[in-house]
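K.L.:
To start, I am sharing the structure in question, which I have written as structure tokens.
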Amino acid sequence: MSMNLVTLLYLVASVFFIQALKGLSHPTTSRRGNAFGMIGMAIAVVTTAALILTVSEQGAQGLGYVLLGLVVGGGAGAIMAKRVEMTKMPELVAFMHSMIGLAAVFIAIAAVAEPYAFGITSEAGQPIPGGNRLELFLGAAIGAITFSGSVIAFGKLAGKYKFRLFQGAPVVFAGQHVINLLMGIAIVGLGIAFVVTENWTAFFLMLALSFVVGVLIIIPIGGADMPVVVSMLNSYSGWAAAGIGFSLNNPMLIIAGSLVGSSGAILSYIMCKAMNRSFFNVILGGFGGETSTAAGGTEQKSVRSGSADDAAFVMGNAESVIIVPGYGLAVARAQHAVKEMAAKLTEKGVQVRYAIHPVAGRMPGHMNVLLAEAEIPYDQVFEMEDINSEFGTTDVVLVLGANDVVNPLAEQKGSPIYGMPILEVHKARTVLVNKRSMASGYAGLDNPLFYMDKTMMVFGDAKKVIEDIVKAIE
């Protein structure tokens, strides 16, 4: 296979990847976007396999190793994708990011050890060109940070491990930012030393420090900010792949990595705006570690609770209802029951809409995917900026398992989530909140919304509660 044909096929695959990103930008075109992505990846894999057979001295054997890797990796990925629950999707994404970072590290180590095997040098024993050393340094460093950072993110998202670093609360200590800065400078210094001298000791010390920095920049980030972390690590994994692509002179890896890196960075910026966070602080891992607490004293207040029958009566006699889905809805797998409830309310002449916060759940788009799975009409689903102005004139808001994204403490100075835009549920005439208990949300904060006179708490599993509401609606 000629290199001209390889380049052309890689270009075609890149066009498919671009179309995939375009399709994934909206729920109505997401299936098409996924199809474009799969076709593009198939073209890239087949082209790479043909290239191995053409240029490698041991083409058949090399291709055999590649196919073995595809079978093992692809099989494991297919099994995980088939078994993963919707609530565990963020953890799966974090795991995938960690694997991309680790792959970049392994490739960089192999390329430093045997540059001739990767076509970096023309003969065995020749020194690695300076430009390639720089690319290997960047790819390896970013890959190591991505791996260890993603491992911590996985633990925080899972929320079931007792290890302190895996818990949702921020881990902060005196001089944390100074230590991060000094270690960052050391990484750059060791990287430059490797670029200049090709010293293996400098390379592996740089790699070790990068693994540590990946941990340090994620542990001070609180649970409420984890959706931004997911998109940030997505960007890091792309840049790691692109850096290795330059070293291997692989245009497909460069293009794909750049697309992932840039789209992840854009998504992180959008998430930061949605949460009123500094984009540069996110990149440096410098946010989410605030330790101040908001005043309020709501812990001693009592709440007004009701039954599913009470909630059905209130919504059945309303003119407009807004449903706010949250992580609790995903845990209970209640999206189909919610669709049935909305259909019954619509039959009674009630206007039903859904309000989605950009960071509801534990990853960007988590709630959109959840509602799409139940085939809820897209024209009933509204983003925060489009529906916030409607809460003041809405009769009833039903909050299903959401907490931090509807917490009025975001409007109170001194709160750890101060300044984060929220769904202004507290402005509605009546608020119904379904939760299993009065436990705090992922940010570890109490929610004054639950204690308002206009709020009625309906405790229990979301699916069971919604099914009871459906039965009670006349």
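The values are calculated or read from the model by the stated rules, or taken from the named source; none is laboratory data. Fair warning: this is a prediction, and the values are worked out from it, not measured in the lab. So basically every Cβ, Gly included, is an ideal-geometry build from the backbone, and we count neighbours across all protein chains shown. When the accessible area is computed, the model is the full protein with side chains, heavy atoms only, and any ligands, DNA or RNA have been set aside. Shrake-Rupley method; radii C 1.70, N 1.55, O 1.52, S 1.80 Å.
K.L.:
List every DSSP H helix in the chain whose Cα atoms extend 27 Å or more along the helix's own long axis and whose mean Kyte-Doolittle hydropathy is at least -0.5.
P.N.:
3-23, 30-55, 59-83, 89-113, 130-158, 176-197, 226-248, 251-275
K.L.:
Could you give the length gained by full extension between Lys454 and Asp310, i.e. 0.36 nm per residue of separation minus their alpha carbon distance, to one decimal place?
P.N.:
Full-extension gain reported as 50.5 nm.
K.L.:
Quick one: with all protein chains in place, what share of the accessible area of the range 373-425 is carbon or sulfur, to the nearest percent (1.4 Å probe)?
P.N.:
That share works out to 47 percent.
K.L.:
Under 8 Å for C-alpha pairs, at least 6 residues apart: give me the relative contact order for the range 329-459, rounded to a whole percent.
P.N.:
Once divided by the residue count of the range 329-459, the mean separation gives 21 percent.
K.L.:
Also: My understanding is that a pair violates if its Cα-Cα distance is over 22 Å; which of Lys301/Lys454; Lys435/Lys463; Lys88/Lys156; Lys156/Lys339; Lys82/Lys273; Lys160/Lys273 do that in this structure?
P.N.:
With Cα atoms farther than 22 Å apart: Lys156/Lys339; Lys82/Lys273; Lys160/Lys273.
K.L.:
Still on this model: So how much accessible area does Asp468 have, in Å² to the nearest 10, using a 1.4 Å probe?
P.N.:
Surface accessible to solvent at Asp468 totals approximately 40 Å².
K.L.:
Over the chain, what relative contact order in percent results from Cα pairs under 8 Å that are six or more residues apart?
P.N.:
Result for the chain is 14 percent.
K.L.:
Would you work out the relative contact order for the range 387-448, in percent, from Cα pairs under 8 angstrom that are 6 or more residues apart?
P.N.:
Across the range 387-448, relative contact order equals 44 percent.
K.L.:
With a 1.4 Å probe and every protein chain left in place, work out the accessible area per residue of the range 119-247 in Å², rounded to a whole number.
P.N.:
In whole numbers, the range 119-247 has 39 Å² accessible per residue.
K.L.:
Return the long-range amide H neighbours of Gly361 (sequence gap of 5 or more, or a different chain), with a cut-off of under 5 Å between placed amide H atoms.
P.N.:
Amide H neighbours of Gly361: Tyr327.
K.L.:
How do Ser258, Ser150, Ser122 stack up against each other in accessible area, from largest to smallest, with a 1.4 angstrom probe?
P.N.:
Ser122, Ser258, Ser150
K.L.:
Quick one: longest stretch of the chain between exposed loop chymotrypsin sites (Phe, Trp or Tyr not before Pro), exposed meaning at most 12 other C-beta atoms within 10 Å and loop per DSSP?
P.N.:
174-474
K.L.:
Can you give the accessible area of Thr346, probe radius 1.4 Å, in Å² rounded to 10?
P.N.:
Here the accessible area works out near 80 Å².
K.L.:
Answer with a single label: of [x] 47, 27, 16; [y] 34, 29, 21; [z] 39, 30, 19, which was calculated as semi-axes √(5λ) of the Cα gyration tensor in Å from the structure in view?
P.N.:
Only one option fits the structure, namely [x].
K.L.:
Can you tell me the FRET efficiency between Leu181 and Glu474 if r is taken as the Cβ-Cβ distance and R0 is 56 Å, rounded to the nearest 0.05?
P.N.:
Computed FRET efficiency for Leu181 and Glu474: 0.30.
K.L.:
Summing Lys, Arg as +1 and Asp, Glu as -1, what charge do residues with Cβ under 14 Å from the Cβ of Glu383 carry, Glu383 excluded?
P.N.:
-3
K.L.:
Ok, one more. What's the center-to-center distance, using Cα atoms, between the range 227-249 and the range 65-97 in Å?
P.N.:
Here the answer is 18 Å between Cα centres.
K.L.:
Let a ≥ b ≥ c be the square roots of the eigenvalues of the Cα gyration tensor of the range 1-113; is it rounded (a/c under 1.5), or, if not, prolate (a/b larger than b/c) or oblate?
P.N.:
In terms of gyration-tensor shape, oblate.
K.L.:
Report, to the nearest whole %, how much of the accessible area of the range 1-113 belongs to carbon and sulfur atoms, 1.4 Å probe, protein only.
P.N.:
Result for the range 1-113: 73 percent of the exposed heavy-atom area is carbon or sulfur.
K.L.:
Next up: Per residue of the chain, what 222 nm ellipticity follows from adding -39500 (n - 2.57) for every DSSP H run with n ≥ 4, rounded to the nearest 500?
P.N.:
The helix contribution divided over the chain gives -19000 deg cm²/dmol.
K.L.:
Right, another one. So which trypsin sites (Lys or Arg not before Pro) in the range 127-184 end up in coil per DSSP with only 14 or fewer other C-beta atoms within 10 Å?
P.N.:
In loop regions of the range 127-184 (DSSP not H, G, I, E or B), the sparsely surrounded trypsin sites (Lys or Arg not before Pro) are Lys160, Lys162.
K.L.:
Return the aspartates and glutamates within reach of Lys427: Cα separation strictly under 18 angstrom, same-chain partners fewer than 8 residues apart disregarded; answer none if there are no such residues.
P.N.:
Hits, sequence-local ones excluded: Glu319, Glu383, Glu385, Asp386, Glu390, Asp395, Asp404, Glu411, Asp453.
K.L.:
Long-range amide H contacts for Ile323: which residues qualify at under 5 Å (H placed 1.01 Å from N, peptide plane, sequence gap of 5 or more or a different chain)?
P.N.:
Those qualifying (amide H under 5 Å, at least 5 residues apart or on another chain) are Arg353, Tyr354, Ala355, Leu398.
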